[in-house]
1. Select from segment 105-122 the residues that are on the phi < 0 side of the Ramachandran plot and over 18 Å from the mean Cα position of the chain (by Cα) and list them in ascending order.
2. Taking segment 89-104, which residues are open to solvent by less than 60 Å² (accessible area, probe 1.4 Å), at negative phi and not in a strand (DSSP E or B)?
3. With Lys102, Lys63, Lys90 as the choices, which residue is under 14 Å from the mean Cα position of the chain (by Cα) and among the basic types (Lys, Arg)?
4. When you go through Ser58, Ser44, Ser87, Ser18 one by one, which is the residue that is touching a strand residue (DSSP E or B) at 6+ places or on another chain (Cβ under 9 Å), within 13 Å of Ala1 (Cβ to Cβ) and hydroxyl-bearing (Ser, Thr, Tyr)?
Amino acid sequence: ASGSGDNAVRLWRALQGSCEHVMAGHGDAVTGVCFEPNGKRLISGSLDGTARLWMCASGKPGKEFKVGDPVTCVSFNPNGEIVVAGSQNKCIHAFNAHTNQKLFVCEGHTGSVHCLAFHPKTEWMVSG
């Protein structure tokens with residue numbers, strides 16, 4: 001999957017190099033994409049201040065998470081229950097992937113958050 005300055009997310013067939021779906025809905029550049037661990041959904045983040053879920057099989061949109069500040073990166077936790085979005089406001093915003101409920105905000109960076117990753121077997125998350 002890829003995101004770009006045309007505000008769209010593209011899902012690619014990697015071995016063929018062909019685009020399977022073009023997913024539109026963001027109001028500004030897409031700055032991050034990440035597959036759910038089970039591969040059924042992906043999340044995208046955008047400078048429009050939102051993160052969005054997409055169904056991989058159909059390309060249809062799912063839930064939208066309102067961060068409020070430009071989103072710079074996104075990730076799923078290992079069981080796909082939590083989505084996180086790093087933002088230009090120096091924070092990481094965590095949401096329940098099923099209910100949209102904001103769970104917590106991690107503060108501590110002194111600049112924009114540009115990357116996020118979860119350890120595949122523990123509760124650890126790293127950001128930069």
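1. Quick first cut of segment 105-122, residues on the phi < 0 side of the Ramachandran plot only: 105-107, 109-122.
Correct list: Glu107, His109, Thr110, Gly111, Lys121, Thr122.
2. As a first pass, look at segment 89-104 and keep what is open to solvent by less than 60 Å² (accessible area, probe 1.4 Å): 89, 91-97, 100.
From what is left, the residues that are at negative phi are 89, 91-97.
If the condition is that a residue be open to solvent by less than 60 Å² (accessible area, probe 1.4 Å), at negative phi and not in a strand (DSSP E or B), then Asn89, Ala97 are the ones that fit.
3. Residue meeting the stated conditions: Lys63.
4. Sole residue among the options that is touching a strand residue (DSSP E or B) at 6+ places or on another chain (Cβ under 9 Å), within 13 Å of Ala1 (Cβ to Cβ) and hydroxyl-bearing (Ser, Thr, Tyr): Ser44.
The values are calculated or read from the model by the stated rules, or taken from the named source; none is laboratory data. Predicted model only: the values in this text are computed from it and were never measured. Here Cβ is always computed from backbone atoms with ideal geometry, including for glycine, and neighbour counts include all displayed protein chains. Please note that ligands, DNA and RNA were not included when accessible areas were found on the heavy atoms of the full protein model with its side chains. Shrake-Rupley method; radii C 1.70, N 1.55, O 1.52, S 1.80 Å.
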